[in-house]
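Here is the structure we will look at, set down as structure tokens.
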Amino acid sequence: MVQQALEEISRGTAEIIDKERVEKLVTRYYDDGTTYTVKAGFDPTGADLHLGHTVLLQKLRVFQKHGGRVQLLIGDFTATIGDPTGKSETRKILDTDTILANAKTYQEQVFNILDESKTEVVFNSTWLNKLGAAGMVALTTLFNVARMLERDDFEKRYRAGQSISISEFLYPLLQGYDSVELQSDIEIGGTDQKFNLLMGRHLQRAYNVGKEQAVLMMPILEGLDGVQKMSKSLQNYIGITEEPKDIYAKTLSISDELMWRYYELLSENTLEEIAQMKQGVQMGTLHPKTVKENLALELVTRFYNVELATLAKEEFDNVFKENLLPADMNEIEVEEGIWICKALVDAGLEPSTSQARRDIKQNAVSLNQEKVSDDALNLSAGEYILQVGKRKFAKVKVR
RNA sequence: GGUGAGUUACUCAAGCGGCCAACGAGGGCAGACUGUAAAUCUGCUGACUAUGUCUUCGAAGGUUCGAAUCCUUCACUCACCA
């Protein structure tokens, strides 16, 4: 039992620091039911969660199954500083209202995955506001600039002569201090958080908390492009609140290679099952498309349910396999004689009439399933289906 | 504070008086091929009912028949020195 739990916990992890401690905690839980705490911090800078976040959340869920109590830390205070991780320039500072609003939407979405009864949501402003100048200064004495500059991104920026604000030095310190305050047993985060996560250990020792948190790091999930990390600003993400059909379609659009990565980090399948599928595909007994469909179904099911997942698949197959029209399209009404390019823009299929013209010239536009070749066409009264490319449809009523 | 370099479209990056809506690369979009995959090949990639017009090359002025290109001021970034 313990063995299995540990396997589930270490699955997909990039690195575990102080693995023995994790083993000890889990073993003790199965011996006498003693629980332990697992901390994970979220920066309420963006409001919507995407699959990248769920990698961590799912890992937390696994801990919850095996005696972990989750400390879901909303970094409302630290968000006012801005985590410098991975940034090549100083971050913008958010205002309090936005942060609070974001934190709220976060919480609503998080319990799609986490067990609410085993989760404690905490805000670090609770204790950081109280810390005061004196406490702050005391905190800064526990670390030195030389070591701070060892951190990758700081080092690069320092060498490149780019600005590093003093407040950015405080970020890791404060994140580490959170662990002191929460007396966390384990903290999990992405590999890019290593420095900050280790700071928690350092500070717990410095403050004589009586334990040093184990650190578990998850790999960073690549976005739809398969190269850069999934993030909202790069527009390569699948949001967990997106429509079933969008989640389904986006999942199918990832590359075969990336699909395995998603399987490993996101699916419930065991590693053996995944290895088997991989082999099947290699030997040609299993079509990669099928494997991908299953992944897409699993994801939609997780955030909605099986029925909607099946519907999403049917819808998708209709449109792209059978070449049928999607069931629900954006619908607009326009005046008679409208220029087709204008109609395309009005329907939201094209950003400008110029772009519409170009697409028509390239045979990318269809009217009632037939390619349009005349970019000066005007629509007479009636109902039309407009299509741009393979995936953009709209219904147009011309009066 | 001093000296020098720079600021070009989504990003990087050419252009240094007319041939510039601006080379090239990446990205994006579309077409072919497919499994709405990858790879590959091709086209497009400021706006406008459009062989023309308008707005764009950090900001504002100026020189000129004509400026992304020259001059002035301002803002910002970087480098070296203090």
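The values are calculated or read from the model by the stated rules, or taken from the named source; none is laboratory data. Worth saying up front: this structure is predicted, and the values here are computed from it rather than measured. No Cβ is skipped: glycine too gets one built from the backbone with ideal geometry, and neighbour counts run over all protein chains shown. What goes into the accessible areas is simple: the full protein's heavy atoms, side chains included, and nothing from ligands, DNA or RNA. Shrake-Rupley method; radii C 1.70, N 1.55, O 1.52, S 1.80 Å.
For the range A:258-355, with only Lys/Arg (+1) and Asp/Glu (-1) charged at the beta-carbon, what is the dipole magnitude about the Cα centre, in debye rounded to 20?
Magnitude of the dipole: close to 640 debye.
Across the range A:2-218, how large is the tail of the calculated P(r) beyond 33 Å, expressed as a percent of all Cα pairs?
Percentage above 33 Å: 13.
R0 = 30 Å: FRET efficiency of A:GLU155 with A:ALA133, Cβ-based, nearest 0.05?
0.55
How fast does the range A:284-399 diffuse by Stokes-Einstein, in µm²/s, taking the Kirkwood radius from C-alpha pairs at 37 °C and 0.692 mPa s?
In µm²/s, the coefficient rounds to 208.
In angstroms, what radius of gyration and Dmax does the range A:244-320 have, counting Cα atoms only?
Just the Cα atoms of the range A:244-320 yield Rg and Dmax of 12.2, 34 Å.
Normalised by the empirical 2.2 N^0.38 Å for globular proteins, what value does the Cα Rg of the range A:104-225 take?
Relative to the rule-of-thumb radius for its length, the range A:104-225 sits at 1.18.
With a point put 7 Å past each Cα toward its Cβ, work out how far A:GLN362 is from A:GLN279 in nm, to one decimal.
It is 4.4 nm.
What is the Rg over Rh value, at two decimals, for the range A:192-289, using alpha-carbon atoms and the Kirkwood definition of Rh?
On the Cα set of the range A:192-289, Rg over Rh gives 1.13.
For chain A, what is the charge dipole size about the Cα centre, in debye to the nearest 20, if Lys and Arg each add +1 at the Cβ and Asp and Glu each add -1 at the Cβ?
Result for chain A is approximately 920 debye, rounded to the nearest 20.
Carbon and sulfur together cover what percent of the accessible area of chain A at a 1.4 Å probe radius?
Looking at chain A in its full context, I get 49 percent from C and S.
In the structure shown, do any of A:LYS232/A:LYS371; A:LYS118/A:LYS211; A:LYS104/A:LYS397 have a Cα-Cα gap over 30 Å, and if so which?
Pairs exceeding the cut-off: A:LYS232/A:LYS371; A:LYS104/A:LYS397.
Where does helix A:19-32 land angle-wise versus the long Cα axis of chain A, in degrees 0 to 90, nearest 10?
Tilt of helix A:19-32: around 90 degrees.
Can you tell me the mean projection area, over all orientations, of the convex hull of chain A's alpha carbons? Units nm², please.
24.6
Ratio of Rg to Rh for the range A:330-398, alpha carbon only, Kirkwood?
0.90
Give a quick list of GluC sites (Glu not before Pro) in the range A:317-372 that DSSP marks as loop, anything other than H, G, I, E or B, with at most 15 other Cβ atoms within 10 Å.
A:GLU322, A:GLU335, A:GLU336
Suppose all protein chains stay in the model; what accessible area per residue would a 1.4 Å probe give for chain A, in Å²?
Normalised by residue count, the accessible surface of chain A is 49 Å².
How charged is the neighbourhood of A:SER255? Take every other residue with its Cβ under 12 Å from the Cβ of A:SER255, and add Lys/Arg as +1 and Asp/Glu as -1.
Net of charged neighbours comes to -2.
So how far apart, in nm, are the two label points at A:GLN4 and A:LYS24 if each is 7 Å from Cα heading toward Cβ?
Simple spin-label model gives 2.6 nm for this pair.
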